[in-house]
Structures are given as C-alpha cells and as structure tokens.
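Where a number appears in this text, it was derived from the coordinates with a stated rule and is not lab data. Remember, predicted model here, so these are calculated numbers, not experimental data. Note that we place each Cβ from the backbone using ideal geometry, even for glycine, and neighbour counts take in every protein chain shown.
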Ligand SMILES: *Cc1c(COP(=O)(O)O)cnc(C)c1O
C-alpha cells in the first residue's frame with residue numbers, strides 16, 4: 001500500500017513509474033518466468049509465480065484507488081475463489097446475493113465439498129441477511145450494484161449487521177469500480193473486482209483483483225494465488241494498468257451515456273422496465289454510496305418475450321452484440337441466453353461506451369423498431 005501524498009486520481013496516473021533520472025515514464029512490461037538469484041530465495045523475486053514487476057505496478061495503481069493492499073489474479077473468478085478459500089476455510093457459510101453475478105453463486109456451490117456453505121439471500125432484505133448471518137460463522141458477500149439487475153444494497157447497514165455477527169464483508173465492486181464506490185471505507189473487509197470489465201475498459205483482457213487493508217488476510221489470499229497459480233500474465237497486467245489510468249475519465253462519460261440511455265428507454269413504448277441506479281427509482285442510500293454516478297451498466301425489459309429481445313439486439317448497427325461490459329464500445333445482450341443466468345427472459349443488459357450519445361440513441365431507436 002502506498003501512503004499517497006496526492007489524491008487517488010493522481011496516484012493512479014503515476015503508478016508504476018519512478019522519478020529517477022533515465023527511468024521510463026511508461027511502466028515497463030516485464031515478461032519473465034524466473035529471476036537471477038542465489039542463496040536464500042527472496043520470495044517475490046525468486047520465481048515469477050510469486051511476483052512480477054508489471055503486476056506490482058498494476059497493484060500500485062489499484063492500491064492508490066482503493067487506499068489498500070491489492071493483489072491481481074488471472075481473472076475475476078480466480079480472485080473470488082482465492083478470497084472464498086481464504087475466508088471460508090474451516091467451514092464458514094457464505095451469504096450472497098440472489099440476484100448477483102451468477103458465476104459467483106456457481107463458484108460457491110463448487111466449493112461446497114471444501115466446507116463452504118452458500119446461502120442465497122436478497123441483500124435488500126436486511127432481516128433475511130441478519131437471519132442468515134446469525135445461524136453460525138459466516139462471510140457476507142455483497143455485490144452492489146448487482147449484475148444484471150443493478151440493484152443497490154446498503155453497504156453501511158450490511159456492514160453493521162455483519163460486524164454484529166462477527167462476519168467479514170466481501171464487496172464485489174466490479175460494476176461500480178473503486179472510482180465510483182469505495183466499499184473499504186464503508187465497512188467492507190475486502191473487495192473483489194473483475195478488471196476484465198470497466199477497470200481495464202478496452203475489452204482486450206481477462207484479469208481480476210482483490211483489495212484489503214487487513215495484512216493477515218492479504219497474506220492468506222496471496223498464498224492461495226501463489227500455490228493455486230491463478231496468476232496474471234504480465235502483458236495483461238500491463239494493458240490493465242494502461243486502461244486503469246483513464247478509468248476516471250471513461251467512467252464519467254460512460255455513466256452520463258448510461259443515464260441518458262436509461263431515461264430514453266424509460267420513455268419508450270416497447271420498454272416495460274429500466275434498471276439503472278440514478279434513474280430516480282433506486283434505493284435512497286445510492287446517492288451517498290455512489291455520489292459520482294451510476295456506472296456504465298444498465299438493463300431493461302422489453303414487452304414481449306425472448307424472441308423480441310433477440311431481434312432487437314441483432315438489429316443494432318453501432319452497439320455491439322456481445323457479453324461482458326465496461327469497454328469503450330457500447331455492447332448489449334439478452335442476458336438469459338446464458339443457461340445459469342436467472343434474469344427475466346426478455347431482459348437486455350446494455351453497457352454504455354464512450355460513443356457520442358446522439359449516435360447511441362439513434363442506434364437504439366433503430367434497433368427497437370425490429371420485430372421478431
Ligand atoms: C465478470 C464478473 C466477474 C468475473 O470476472 P471474470 O474476469 O470474468 O472472471 C465477477 N463479478 C462480476 C460482478 C462480474 O461482472
């Protein structure tokens with residue numbers, strides 16, 4: 001963790017560089033599997049599954065945004081698995097959102113034989129959360145806003161319930177990113193972020209990260225990374241840091257586009273419901289938790305069924321039909337085409353990119369005229 005003299009916004013831009021005569025201004029890409037070493041091995045510099053200078057530059061940038069220690073992983077799922085293993089070893093229950101990212105639920109289920117017991121609840125139902133936490137040693141896995149329904153849970157109140165129960169809180173911060181939401185400042189013990197999405201922002205890599213201010217927990221998570229081997233490729237880490245440096249600018253533009261699209265859709269006769277934090281129907285704690293915007297992701301439900309939604313997605317000429325989100329290009333998909341996804345059949349998830357809003361609205365109107 002870097003104790004920064006400057007704000008996170010400046011620190012991330014300068015991450016991975018040194019003010020030393022002749023040093024490169026751009027963080028170097030260091031592809032190596034091993035290091036020159038003799039005698040007692042210095043763990044981070046003995047073998048490259050233990051450490052790599054390009055990851056460390058990225059971790060420095062993320063650490064600046066989170067004001068915490070960070071570890072990067074081969075994917076968001078790899079980061080989530082290391083955190084689940086580090087926190088739930090010994091048989092803790094994992095209380096997680098019923099409407100969150102479906103692969104988190106799948107992963108928790110797969111870890112059942114290792115003693116982890118997943119319990120799915122609605123994170124906006126605080127009584128249900130309290131009951132789930134009271135039944136024995138637990139970890140609360142909070143995802144907010146949720147993917148794909150963009151529901152906003154109250155991190156401060158969830159943190160209070162978890163503290164009463166002695167349960168650490170994990171926050172999946174993929175949708176908001178550390179630029180729009182700082183769960184560690186709101187009571188979370190550790191964050192998990194899929195860098196694959198908005199944080200890197202160019203749809204060109206798969207990576208994940210965790211951040212915490214708890215050094216003992218950091219050590220445990222790092223151990224799972226080292227022995228489990230789900231390490232980042234140096235090139236992906238280099239690309240991710242390059243993307244991260246413009247995150248503040250991109251997310252501002254993407255949030256503005258997403259809000260304009262959400263408002264436009266809300267007034268469209270074919271649209272039955274729009275889900276976007278900031279549209280005016282969100283939970284009252286949203287403005288405190290994410291004061292700078294709702295992020296790039298929104299979803300909406302069409303009147304009609306899956307075939308209607310498929311026809312609309314296929315008709316776009318600018319918005320790219322694709323999964324994932326947070327890239328500079330706008331993308332969308334009918335979410336329930338994924339078999340394990342529990343979203344409504346005609347729900348379309350849209351990630352607003354940085355294209356001029358007039359083009360996006362024109363493409364939307366054109367697409368929404370398509371019929372099955
Ligand atoms: C994509 C995503 C993940 C998993 O990240 P990968 O990099 O695809 O493994 C985790 N949580 C959320 C909310 C996501 O959207």
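Take the eigenvalues of the Cα gyration tensor for the chain, scale each by 5, and report the square roots as semi-axes in whole Å, largest first. The partial results should precede the final answer.
On the way: eigenvalues 228, 134, 68 Å².
Taking √(5λ) for each eigenvalue gives 34, 26, 18 Å, largest first.
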Once you sort the root eigenvalues of the Cα gyration tensor of the stretch 74-173 as a ≥ b ≥ c, which label holds: rounded (a/c under 1.5), prolate (a/b larger than b/c) or oblate (the other case)? oblate
Return the Cα extents of the stretch 192-325 along principal axes one, two and three, sorted largest first, each rounded to a whole Å. 53, 35, 28
Bin all alpha-carbon pair distances of the stretch 296-372 at 5 Å intervals from 0 and give each bin's fraction as a whole percent. 3, 18, 28, 28, 16, 6, 1
Highest mean first, how do 286-296, 357-367 rank when packing is the count of other Cβ atoms within 10 Å averaged over residues? 286-296, 357-367
Give the Cα extents of the stretch 251-310 along the principal axes, in whole Å, largest first. 37, 23, 18
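Provide the packing ranking of 260-266, 107-113, 23-29, 203-209, i.e. peptides ordered by the mean count of other C-beta atoms within 10 Å per residue, highest first.
Details: 260-266: 19.1, 107-113: 15.0, 23-29: 12.7, 203-209: 22.3.
Order by mean packing, descending: 203-209, 260-266, 107-113, 23-29.
Return the tail of the calculated pair distribution for the stretch 71-119, meaning the percent of Cα-Cα pairs more than 11 Å apart.
On the way: 777 of 1176 pairs.
So the portion of pairs separated by more than 11 Å is 66 percent.
Over the stretch 19-111, what portion of Cα pair distances is larger than 23 Å, expressed as a whole percent?
Values: 2015 of 4278 pairs.
Of all Cα-Cα pairs in the stretch 19-111, 47 percent lie more than 23 Å apart.
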For the stretch 4-43, how big is the tail of P(r) above 17 Å, as a whole percent of Cα pairs? 56
Just check the stretch 49-103 against the gyration tensor rule for me: Cα atoms, a ≥ b ≥ c as the square roots of the eigenvalues, rounded for a/c under 1.5, and otherwise prolate or oblate depending on whether a/b exceeds b/c. prolate
Taking the 0 to 90 degree range and rounding to the nearest ten, how far is the long axis of helix 247-266 tilted relative to the main principal axis of the chain, both from C-alpha atoms? 20
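Under the 0.36 nm per residue contour assumption, what length would be gained going from the current alpha-carbon distance of residue 38 and residue 13 to full extension? Don't jump to the answer; show the numbers that get you there.
Details: separation 25, 0.36 × 25 = 9.00 nm, distance 3.52 nm.
Residue separation times 0.36 nm, minus the Cα-Cα distance, leaves 5.5 nm.
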Alpha carbon centre of the stretch 112-128 versus the stretch 1-65: separation in Å? 37
If the chain between residue 324 and residue 47 were fully extended at 0.36 nm per residue, the gain over the current Cα-Cα distance would be 96.5 nm
Computed over the Cα atoms, what is the radius of gyration of the stretch 327-372 divided by 2.2 N^0.38 Å, N being its residue count? 1.31
P(r) of the stretch 119-222 over all Cα-Cα pairs, binned every 10 Å from zero, in whole percent: 15, 46, 32, 7, 0
Burial ordering of 6, 285, 238, fewest other beta-carbon atoms within 10 Å first: 6, 285, 238
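Given a Förster radius of 22 Å and the C-beta distance between residue 134 and residue 185 as r, what FRET efficiency does 1/(1 + (r/R0)^6) yield to the nearest 0.05?
Values: r = 26 Å, r/R0 = 1.18.
Efficiency for this residue pair is about 0.25.
Quick check: convex hull over the Cα atoms of the stretch 153-198, volume per residue in Å³, rounded to an integer?
Working: hull volume 2.7 nm³, N = 46.
So the per-residue hull volume is 59 Å³.
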For the chain, what is the mean residue ellipticity at 222 nm derived from helices alone (per DSSP H run of n ≥ 4: -39500 (n - 2.57); sum divided by total residues; nearest 500 deg cm²/dmol)? -11000 deg cm²/dmol
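If packing is taken as the average count of other Cβ atoms within 10 Å, what order do 303-310, 31-38, 267-274 fall into, highest mean first?
Numbers: 303-310: 16.6, 31-38: 10.0, 267-274: 14.2.
Going from most to least packed, we get 303-310, 267-274, 31-38.
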Say R0 is 22 Å: what FRET efficiency, to the nearest 0.05, do residue 126 and residue 342 get from their beta-carbon distance? 0.50
